[in-house]
Every structure is written in C-alpha cells, then in structure tokens.
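The values are calculated or read from the model by the stated rules, or taken from the named source; none is laboratory data. Just so we're clear, the structure is a prediction, and the values are computed from it rather than from any experiment. Note that each Cβ is placed from the backbone with ideal geometry, even for glycine, and that neighbours are counted across all protein chains shown.
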Amino acid sequence: MTNKIRTRFAPSPTGFLHIGGARTTLYNWLFARRHKGDFILRIEDTDEVRSTDDSVTAILDSVKWLGLDWDEGPLDEHRDHGPHGPYYQMKRIDIYRRYLDQLVQDGKAYRCYCSKEELEELRRVAQLEKRPPRYEGRCRALSGAQRAAMEASGKKFSIRFKMPTSGATIVDDQIRGKVSFENNLQQDLVIWKTTDGPTYNFCCVIDDHLMEMTHVVRGDEHLSNTPSQIQIYYALGWTPPLFAHLSMILGPDGSKLSKRHGATSVLEYRDQGYLPHTMRNYLALLGWSTSESQQLFTDEDLIAKFDLEGCQKSPATFDTVKLNWMNGEYIRQTPVDDLVSLAKPFLEKAGLLGLPGPELKRVIALEHEKFKLLSEIPTLIEFFYKPVQFDPKAFDKVLRAPGAKQILTDLAEVLRGLRPFEAEALEARIRNFVAERGLKNGQVFHPIRVAVSGRTEGPTLFSMLEIMGEDMVVARLKDAAARLP
RNA sequence: GGCGCGUUCGUCUAGCGGCCUAGGACGCUUCCCUCUCAAGGAAGAGAUCACGGGUUCAAAUCCCGUACGCGCCA
C-alpha cells in the first residue's frame, strides 16, 4: 500500500483550466498510470472570494475532455469520492486547524500580531536599508509579558511557522536534482491568516500527506516554497513526498503564456476542434521527450514511456503550428464514421446539418486528409449543401476565361444522362470531351470545379462530381454558364 | 534587493567527456506525384551549443564567473 505511487493535480477553482495546468495534470496522470498508481484530483478552494462553482465545472469538464480519469476526487461541484476525502479544501478546515493547534502547542508555530500596515512599513524600511524585505521574526521573539500585553489588547494575529534558523533545506527534485536553500534566509511563513483561514502552503502539506501522495509534480513557481513546506512536514513528524517541478509554458514572444497569446483555456481548444488525443500527445512533448525523437504516440505508448527524467528543465514555447500539424495527423487516422460524429457539433453550429444533399459520410471521406481542425470542416464542405458562393477571384480568372461559357453549356448536355454517373466514367467522358475539342485539361477541369464549387481548390474533381450527383452537377454547370456574358 | 531556476537550428527537442564536420520533429525552400488544394515521396537551407574563463590529450557535455530571461519572497 505504501509502495503505491500516488500523484495529484490540485487546481484552485478561480478560472478555467489553462494549458499549463492541463500539462501538469497530464504528467501526473501519465506518471500514475505508468506505475499502476493512483491519480487524485483535489480542489483548493480556500480562496473563498475568487473560487466559483463554475470554475470547478470548467476544470472537471476540461480534465474529462482531455481523457484523463482520476481515481479519487470530486464527482461534481460539491460531491466527491475516495478514501482520503473530502477533496475540497473548504471541507477540511477542521483538519487543518487540528494540525495548526498541534504546531502551536509544540512551539513550532507562533502568533504574530503584526498588522498589515506594520508589515508594510517594515518592508519599506528594509527596502530603504537595502535589506531583503522579509519578515524578520519580530513576534517570534516576543517575551511572555509582551505576548500577554498583545493578547490583552485583543489584537488580531496570524500564525507563523518557525523556520529553522540554521542549516539548509535540500529539495531533491526529480527533474532538477538537488536544490539547496539556506534556512536562515527563509522567512517564517504565515500558515494561518488573520482573517481566520489556512494558507496555501499549509493546506498543501497536510493534504498531500494525509492523501498519501508519493510524488508531487507541479509547476516551477512552487519550487521556492518547497523548502518551507518540507520543514512543515518535518515539524509534523512526517516524511515529505518526492517533488518534481515542471518548467513553465511560454507564449510565442517568450513571456508566460497568457490570454493575449490567444486561447489558453483547454475548453477553447476543444471548441476549435482539436482532438483530445492531439492535446495529450502535443502537451506530452512540450517539455518531455524520449531519446528516440518519436513524435506520435498512442496513449499506451505514452504511458509506457513517460518518465520524470525526460522532463525538460527549461521553459517551452507553445507552438500552434505544430499542434495543428499533429491534429491533422490524428484526424487522418480517425475512421470516417468517428470523424462524422466528431464533426456533427461543428456542422450543427454552421447550420449544415439536416440539409438535403449528398451523404455526409461520403463528403467527409472525400476531404478527409484536408482537415486540420474539426472547426474547419463546415467551410470545406458547405458547397455540397448550400448554393454555390463564387470566390470573386476564381470567377474572374477561371469562369470569365475565353470559351468557358460554351464549355460549361456543352458539358451540361454531355454529362446529362451519363451512366454510370461515377468518377471513372465521368473522367473518361470529360477527357474525351477535352480531346474532341482539342482543348487542354485545365481549360475544362478548372471551369467545372469553379462552376460546381465556387472555388479553385477542393477535392479531386471526378469523385466530387460523382458524390454531388447528376442533378446538382448539371444544374450548377448551367447556372454558372448563365451568369457569364 | 535576496534566494532559486533556466539558456542547443524560428519552435519542440536528442545529447549526460571522444561515435558531434551537433541528430530528429514542426515550419520553411525546391523537386516528384497531379485536375486544383491538400496528403504522400525526395532533396535542401537553417545552431559561432548565451558569453568569458578554467579542468582535460579531448567539452555542447565538468567547474567558476558574466549577461539575459523567468519564478518565489510580494
């Protein structure tokens, strides 16, 4: 039991799950699955002001959409399941208080009566004197009498954890190696706020221990807090888990990935038509790699090969271009029937569902290798279901070409009644038409394409005609000819 | 300001003292295929391994410093 690997993702429900969080979730999940361990989700909602149920919903939806299942944690915004619950920190306040009392009783934490204003003043002075602006432990050194006076005055207090004043705390990071921090340079962390609530670093330690985490894999930004956390583990008589700190994800301009770089929420990627598998594969490779330079992984592959050693120490830039390439790869690998199902919500949104026209499956199969995003399917196939909208340039260049009107008019007649109305027969007949007239392929093929689809680029011509069917093809050829002078 | 982390083609990365005249992937360029666009195939351009010192017969790889970026304290 104690040997079982346990990892977790512990988001604050103060917004959507962003790309960085998604990757952290993925890595924790992969690591747990790789070692046949457990992956836990915990909601860190102690920031009552900023935490919302909507955020919880969005985060759970995101993780589910990514295809990452958790063994313990929330079921919805309020309920959860698992032997180490509750998994909402707001429901664990009593637990935190218990350990807080223990630390105070053991003399490992103390009341700090300094007000916000006083602390700010202290900081200001420190800045002026060019000292590091950290809490110097004023209330830690209070005499019994001073303490009694403070108490008598009814002054509000926070509770700070006593950091050791000598020695160093070594974080044996699974990705970065041993990182050493001088204890006397760490300040006494507030573990319980004046406003009567535990702080992040305190809850985190207690939960990770009580939930029996073996590995804490999290973002880079937590590395600096880790020594304090480790000391809290020690003070409580616990053995800290193993830590691994992931580098961050940057936007194209090298700054931390944020809204102004475009989509950052996982749900936005879903809505743009990325496949969950693409996200898993791409994110896995953004900061992790095998020595074989493999790019495309099945989930089994990923689980079998993922390790912390392969994680990158330096930050990685999120590259939409490569993401798109990969999505195209996976769309091409998707069976047509599945692709049709995946495309439906997007077609629905574009108003293309339920319109008369060729069978959807045939149309999608025809354009299969073109799609990079599910969201671009509607525009690539809409001319099968909606009246032709001529691209002005195509119209001018191709249809207005000398002889085009006549060619289209004649072709409408030639193709009417052709049997079978199938790609092979169509190609034979049209090539024959080209030869009869002593024309070049392009003089005929291109006008047909534009007449029938309104554009110069699209699926292979004869299959497209077959799928459109005789009536639509003949009508569109005539219609295009009629528009020409 | 202190502490900590990071720095290999535009981007993601391989590399853990000699196999590196630095490999792969995305992107880019050219060519092939071809009814267009894709897809596919082939070739190519692209990295003074941040900089400066060491250590060593030998350094992208080890050590020290500097610069820049980032994080935490806030």
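At-a-glance table
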item: Test: A:Val398 is modelled with pLDDT of 95 or more, over 14 Å from A:Gly273 (Cβ atoms) and in a helix (DSSP H, G or I); result: no
item: Index of the failed condition, A:Val414 passing every other in (1) of a type in the set (A, V, I, L, M); (2) out of contact with any Phe, Trp or Tyr (no Cβ under 8 Å at 6 or more places or on another chain); (3) closer than 21 Å to A:Gln443 by Cβ; result: (2)
item: Single condition A:Leu66 does not satisfy, out of (1) within 21 Å of A:Phe202 (Cβ to Cβ); (2) in contact with a Ser or Thr (Cβ under 9 Å, 6 or more places away or on another chain); result: (1)
item: Some residue of the stretch A:251-267 being away from RNA strand B (no atom under 16 Å from the Cβ), part of a helix (DSSP H, G or I) and crowded, with 20+ Cβ neighbours inside 10 Å; result: yes
item: Number of the exception - A:Lys349 against (1) exposed (fewer than 13 other Cβ atoms within 10 Å of the Cβ); (2) under 27 Å from A:Val217 (Cα atoms); (3) away from RNA strand B (no atom under 16 Å from the Cβ); result: (2)
item: Set A:Glu413, A:Glu457, A:Glu436: member being modelled with pLDDT under 95 and not in a helix (DSSP H, G or I); result: A:Glu457
item: Selection within the stretch A:145-203 - closer than 30 Å to A:Gly310 by Cα, of a type in the set (Asp, Glu) and in contact with a helix residue (DSSP H, G or I) (Cβ under 8 Å, 6 or more places away or on another chain); result: A:Asp173
item: Residue check, A:Leu142 among the aliphatic types (A, V, I, L, M), buried (at least 17 other Cβ atoms within 10 Å of the Cβ) and over 41 Å from the mean Cα position of the chain (by Cα); result: yes
item: When residues of the stretch A:275-319 are limited to those that are assigned to a helix (DSSP H, G or I) and surrounded by fewer than 14 Cβ atoms within 10 Å (Cβ to Cβ), the one nearest to RNA strand B (Cβ to nearest atom); result: A:Ala304
item: Residue within the stretch A:190-197 that is part of a loop (DSSP other than H, G, I, E, B) and not acidic (Asp, Glu) present; result: yes
item: Criterion: assigned to a helix (DSSP H, G or I), touching a residue at least 60 places away in the same chain (Cβ under 8 Å) and not basic (Lys, Arg) - qualifying residue of A:Phe346, A:Phe390; result: A:Phe346
item: Checking A:Trp29 against (1) over 24 Å from A:Lys91 (Cα atoms); (2) in contact with a strand residue (DSSP E or B) (Cβ under 9 Å, 6 or more places away or on another chain); (3) surrounded by fewer than 24 Cβ atoms within 10 Å (Cβ to Cβ); (4) not hydroxyl-bearing (Ser, Thr, Tyr), the condition it does not meet; result: (3)
item: Those residues of the stretch A:133-187 which are among the basic types (Lys, Arg), away from RNA strand B (no atom under 12 Å from the Cβ) and modelled with pLDDT of 90 or more, in sequence order; result: A:Lys162
item: Conditions (1) part of a helix (DSSP H, G or I); (2) under 17 Å from A:Ile206 (Cβ atoms); number of the one not met by A:Leu60; result: (2)
item: Whichever residue in the stretch A:10-48 is modelled with pLDDT of 95 or more and among the aromatic types (Phe, Trp, Tyr) and, among such residues, is nearest to the chain's Cα centre (by Cα); result: A:Tyr27
item: Hits in the stretch A:324-339 (condition: more than 8 Å from RNA strand B (Cβ to nearest atom) and not aromatic (Phe, Trp, Tyr)); result: A:Asn327, A:Ile331, A:Gln333, A:Thr334, A:Pro335, A:Val336, A:Asp337, A:Asp338, A:Leu339
item: When residues of the stretch A:450-485 are limited to those that are among the polar types (S, T, N, Q) and surrounded by fewer than 17 Cβ atoms within 10 Å (Cβ to Cβ), the one farthest from A:Val414 (Cα to Cα); result: A:Thr456
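Yes/no per residue for (1) outside the structural domain of A:Ile191 (by TED's automatic domain parsing); (2) in contact (Cβ under 8 Å) with a residue 40 or more places away in the chain; (3) within 22 Å of A:Leu185 (Cβ to Cβ); (4) hydroxyl-bearing (Ser, Thr, Tyr):
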| position | (1), (2), (3), (4) |
| --- | --- |
| A:Glu44 | yes, yes, no, no |
| A:Arg50 | yes, no, no, no |
| A:Thr57 | yes, no, no, yes |
| A:Gln105 | no, no, no, no |
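Okay, residues lined up against (1) touching a residue at least 12 places away in the same chain (Cβ under 8 Å); (2) more than 26 Å from A:Tyr113 (Cβ to Cβ); (3) part of a helix (DSSP H, G or I); (4) not charged (D, E, K, R):
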| position | (1), (2), (3), (4) |
| --- | --- |
| A:Lys155 | yes, no, no, no |
| A:Met163 | yes, no, no, yes |
| A:Phe181 | yes, yes, no, yes |
| A:Asn201 | yes, no, yes, yes |
| A:Met213 | yes, yes, no, yes |
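Okay, residues lined up against (1) modelled with pLDDT under 90; (2) in the same structural domain as A:Thr46 (by TED's automatic domain parsing); (3) within 12 Å of RNA strand B (Cβ to nearest atom):
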| residue | (1), (2), (3) |
| --- | --- |
| A:Tyr110 | no, no, no |
| A:Lys116 | yes, no, yes |
| A:Glu120 | yes, no, yes |
| A:Ile191 | no, no, yes |
| A:Tyr200 | no, no, yes |
